[in-house]
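Heads up, the thing below is written out as structure tokens.
Throughout, read-outs are computed from the coordinates displayed, never taken from laboratory work. Bear in mind that the values here come from a model prediction, so they are computed numbers and not experimental data. When we count neighbours, we look across all protein chains shown, and the Cβ atoms used for this are built from the backbone with ideal geometry, even at glycine.
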Amino acid sequence: MTKSELRKEIKATLASLDPVGKAFESMSKCSAVIQSDIFRQTKCIFGFMPMKDEVDVLPVLRTGLQQGKMVLIPKIIEGTNDMEFYFLSDEPNSQIEVNGWGIAEPKAGLKKCNIDELLSEVKADEILVLVPGLAFGKDNTRLGRGKGFYDKFLSELKKKTAVLGKSKPWICGICYNAQVLDSVPVEENDIKVDVVL
């Protein structure tokens, strides 16, 4: 099956999921993250504002903020396949605006993250990256939406942390159970996650 065929199939599966079941699944996955040793040692969370077919990770972001962790969400750089991350300082829903694609992004005025500066303040293994995707393989492969935003960002983050030594960030794919397959089609530039939740 090609990537585009699989994307179409997964989108149809997601559209058919029961909203109440999705809400319970989101809550249980967020609880698993928050109660994990990785979360406890994390000082910085790269999160995302969930779209309607993605796990609602807002409880993780809110808990991170309450515990004094650095919490960031992405913004697409218009006309490119690149993302920049911005620091949240308060309730996520009060610090976003919706872009032309209907995606919630950080409002103007929030502080932009400089990865090099961030890595001078925190160790790589104190960073947790929550990664959305359309499908994940049990071998930690990931199928995104086709634009390569996360593959580019994760590749860059991995390169920068590799230069600094042995520790590496925790890259966690988070999705509904219906999105986990034995494997997904991958290409050379596709970045694996460390764990799929």
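Which value, in debye to the nearest 20, describes the size of the charge dipole of the range 94-136 about its Cα centre when Lys and Arg Cβ atoms bear +1, Asp and Glu Cβ atoms bear -1, and nothing else is charged?
Computed charge dipole of the range 94-136: roughly 180 debye.
Using the crude model of +1 on Lys and Arg Cβ and -1 on Asp and Glu Cβ, and no other charge, please compute the dipole size for the range 1-136 relative to its Cα centre, in debye to 20.
The dipole magnitude comes to about 160 debye.
Could you give each residue of the range 188-193 its phi-based ³J(HN,Hα) in whole Hz, using Karplus coefficients 6.51, -1.76, 1.60 with θ = phi - 60°, and x for Gly or Pro?
Per residue, the Karplus-derived 3J(HN,Hα) values read 4, 7, 6, 9, 7, 9 Hz.
Over all Cα pairs of the range 56-186, how is the pair count split among 5 Å bins, expressed in % and running from 0 up to the last occupied bin?
2, 9, 17, 21, 22, 18, 9, 2, 0
DSSP beta bridges in the chain, what fraction antiparallel, as a percent rounded to 5?
In the chain, DSSP labels about 45 percent of beta bridges as antiparallel.
Of Val98, Gly165, Val129, which is farthest on the positive side of the dipole of the range 83-189, counting Cα position, with +1 on Lys and Arg Cβ, -1 on Asp and Glu Cβ, and the Cα centre as origin?
Gly165
So, counting K/R as plus one and D/E as minus one, what does the shell of residues with Cβ under 14 Å around Leu143 add up to?
Charge balance near Leu143 sits at 0.
Using DSSP H assignments, which helices in the chain have an axial alpha-carbon span of 18 Å or above and a mean Kyte-Doolittle hydropathy of -0.5 or higher?
Correct list, ordered by number: 19-34, 149-164.
Out of residues 5 or more away from Val195 or on other chains, whose amide H comes under 5 Å of its own, with H placed 1.01 Å from N in the peptide plane?
Sorted by chain and number, the residues that satisfy this are Ile171, Gly173.
Normalise the Debye intensity by I(0) for the range 1-136, one equal point scatterer per Cα, no solvent, then take log10 at q = 0.09, 0.18 Å⁻¹ and round to two decimals.
The Cα Debye sum returns log10 ratios of -0.30, -1.14.
Quick check: the distance between the Cα centres of the range 9-53 and the range 151-185, to the nearest angstrom?
So the separation of the two Cα centres works out to 16 Å.
So what is the relative contact order of the chain, in percent, for Cα pairs below 8 Å that sit 6 or more residues apart?
With pairs under 8 Å counted, the relative contact order is 22 percent.
Name the shape class, rounded, prolate or oblate, that the alpha-carbon gyration tensor gives for the range 103-158, where a ≥ b ≥ c are the square roots of its eigenvalues, rounded holds for a/c under 1.5, and otherwise prolate holds if a/b is larger than b/c and oblate otherwise.
oblate
Distance cut-off 24 Å, Cα to Cα: go down the list Lys8/Lys138; Lys75/Lys158; Lys3/Lys69; Lys123/Lys152 and report the pairs above it.
Lys3/Lys69
Output the relative contact order of the range 104-190, whole-number percent, from Cα pairs under 8 angstrom with separation of 6+ residues.
With pairs under 8 Å counted, the relative contact order is 41 percent.
Show me, for the range 101-112, the HN-Hα J-couplings you get by feeding each phi into the Karplus relation (A = 6.51, B = -1.76, C = 1.60, θ = phi - 60°), rounded to Hz, glycine and proline as x.
Values, residue by residue: 8, x, 9, 6, 10, x, 5, 4, x, 6, 6, 7 Hz.
For the chain, with a Gaussian network of springs between Cα atoms less than 10 Å apart, report the residue from Ser26, Ser36, Ser89 with the top mean-square fluctuation.
Result: Ser36 has the largest fluctuation of those listed.
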